[in-house]
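S.K.: Handing you a structure now.
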Amino acid sequence: IKSTKPSLFVDENQDSKLLIAVVDCTGHGVPGAFMSMLGEAFLNQIVNILRIYETDRILYELHKSIRKALQQEETENNDGMDLAICMVDKNERIIEFSGAKNPIVYIQNDQIFKINGSLLPVGGLQKEKVRIFEKNTIDITTETYVYLFSDGFQDQFGGEFGRKYMAEPFRNMLFSNHKIMGEQQKIAIYNELEKWKGKKYNQMDDITIIGFKV
């Protein structure tokens, strides 16, 4: 699976907290690579230098940084990123989640749940006065399987009729495989992608899926 690079930050002074982000930048080739570099640099600055750990504030600061760096108030540049970010607090036994268009999926007690991200991306055109990103809290006192992902898999064309895989079948596929050990689960997901594409369809977009258990 062609994948973008996930961002993982561990603060040495906050070792009970872990931040994980899946970021899908606009553009391909050089523009996409440049946006990826900006995103990684700004995320490191926000988390590891400014010591901001609240997921909604991270997205807000990232949004401001992207718009300032690309001078988006003065230019017609509309590049940005869709992402999902979660903060796992091992002491409090919670996950805080915020998303810019992208959701989080988690499984508890053999039930699957989805929390949508906010409707707007990070960076790009801003018509509203202040861009607000929501923060959601998930109780992880029970065993929890968590998935963050880009939209590449569910948007992949394939099957008998050349349609997109779609979001609900994608979640069902994750649920069907969530108890399989890590490497075997990766192989199962990859095989499902190859089966769906077949020999007729090429991969349309980058695909990133991060799954973990807490």
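S.K.: For the chain, take N as its residue count and report Rg(C-alpha) divided by 2.2 N^0.38 Å.
M.R.: Against the compact-globule rule of thumb, the ratio is 1.03.
S.K.: On to the next question. Accessible area per residue, 1.4 Å probe, Å², for segment 119-195: what's the number?
M.R.: Per-residue accessible area for segment 119-195 comes out at 60 Å².
S.K.: Between segment 156-187 and segment 65-113, what is the separation of their alpha carbon centroids in Å?
M.R.: When both Cα centres are located, 22 Å separates them.
S.K.: To continue, here is another question. Roughly speaking, to the nearest percent, how much of the chain's 1.4 Å accessible area is carbon and sulfur?
M.R.: Carbon-and-sulfur percentage of accessible area, whole number: 50.
S.K.: Taking GluC sites (Glu not before Pro) that fall in a DSSP loop and have at most 15 other Cβ atoms within 10 Å as cut points, what is the longest piece of the chain between them?
M.R.: It runs 161-214.
S.K.: May I ask you to give the solvent-accessible area per residue for segment 17-90, in square angstrom, as obtained with a 1.4 angstrom probe?
M.R.: On a per-residue basis, segment 17-90 sits at 48 Å².
S.K.: Could you tell me which of Ala167, Ala33, Ile210 has its Cα farthest along the dipole of the chain towards the positive end, charges placed at Cβ (Lys, Arg +1; Asp, Glu -1), taken about the Cα centre?
M.R.: Ala167
S.K.: Which residue, Lys101, Lys179, Lys197, has the most motion in a Gaussian network model of the chain that connects Cα atoms within less than 10 Å?
M.R.: Judging by the Gaussian network model, the answer is Lys179.
S.K.: Taking the chain as a Gaussian network, where each spring joins two C-alpha atoms under 10 Å apart, which residue of Leu148, Leu83, Leu119 fluctuates the most?
M.R.: Looking only at Leu148, Leu83, Leu119, the largest GNM fluctuation is found for Leu119.
S.K.: I need to check one value: relative contact order of the chain, counting alpha carbon pairs closer than 8 Å and at least 6 residues apart, in percent.
M.R.: Relative contact order, the chain: 21 percent.
S.K.: What dipole magnitude, in Debye to the nearest 20, does segment 73-214 give about its Cα centre under +1 on Lys/Arg Cβ and -1 on Asp/Glu Cβ?
M.R.: 480 debye
S.K.: Ile49 to Arg163: extension gain in nm, 0.36 nm per residue of separation minus the Cα-Cα distance?
M.R.: 36.6 nm
S.K.: Among Tyr190, Thr144, Asn48, pick out the residue whose Cα is farthest towards the positive end of the charge dipole of the chain, where Lys and Arg carry +1 and Asp and Glu carry -1 on C-beta, about the Cα centre.
M.R.: The residue sitting farthest along the positive end of the dipole is Tyr190.
S.K.: Quote the accessible area belonging to Met81 in square angstrom, nearest 10, computed with a 1.4 Å probe and with ligands, DNA and RNA left uncounted.
M.R.: Approximately 0 Å² for this residue.
S.K.: Over all pairs of distinct alpha carbons, what does the Kirkwood formula give as the hydrodynamic radius of segment 138-214, in Å?
M.R.: Radius from the Kirkwood sum: 13.3 Å.
S.K.: Sticking with this structure for a sec: With the contact rule set at Cα under 8 Å and sequence spacing of 6 or more, what percent relative contact order holds for segment 150-214?
M.R.: Taking the mean separation of contacting Cα pairs over the length of segment 150-214, I get 46 percent.
S.K.: What are the ³J(HN,Hα) couplings of segment 34-40, residue after residue, when phi is run through the Karplus curve with 6.51, -1.76, 1.60 and θ = phi - 60°? Round to Hz, x for glycine and proline.
M.R.: Coupling constants for segment 34-40: 5, 5, 4, 5, 4, x, 5 Hz.
S.K.: May I pose another question? With label points built 7 Å along Cα→Cβ from the Cα atoms of Asn78 and Lys129, find their separation and express it in nm.
M.R.: Distance between the two pseudo-spin positions: 2.5 nm.
S.K.: Pairs Lys17/Lys195; Lys135/Lys179; Lys101/Lys213; Lys127/Lys213; Lys64/Lys197: which exceed 32 Å Cα-Cα?
M.R.: Listed pairs above 32 Å: Lys17/Lys195; Lys127/Lys213; Lys64/Lys197.
S.K.: Rank Val22, Val122, Val105 by mean-square fluctuation in a GNM of the chain with C-alpha springs under 10 angstrom and give only the top-ranked residue.
M.R.: Val105
The values are calculated or read from the model by the stated rules, or taken from the named source; none is laboratory data. Keep in mind that what you see is a predicted model, and the values were worked out from it rather than measured. Cβ coordinates were reconstructed from backbone atoms using ideal geometry, including for glycine residues, and neighbour counts include every protein chain displayed. With ligands, DNA and RNA removed, areas are computed over all heavy atoms of the protein, side chains included. Shrake-Rupley method; radii C 1.70, N 1.55, O 1.52, S 1.80 Å.
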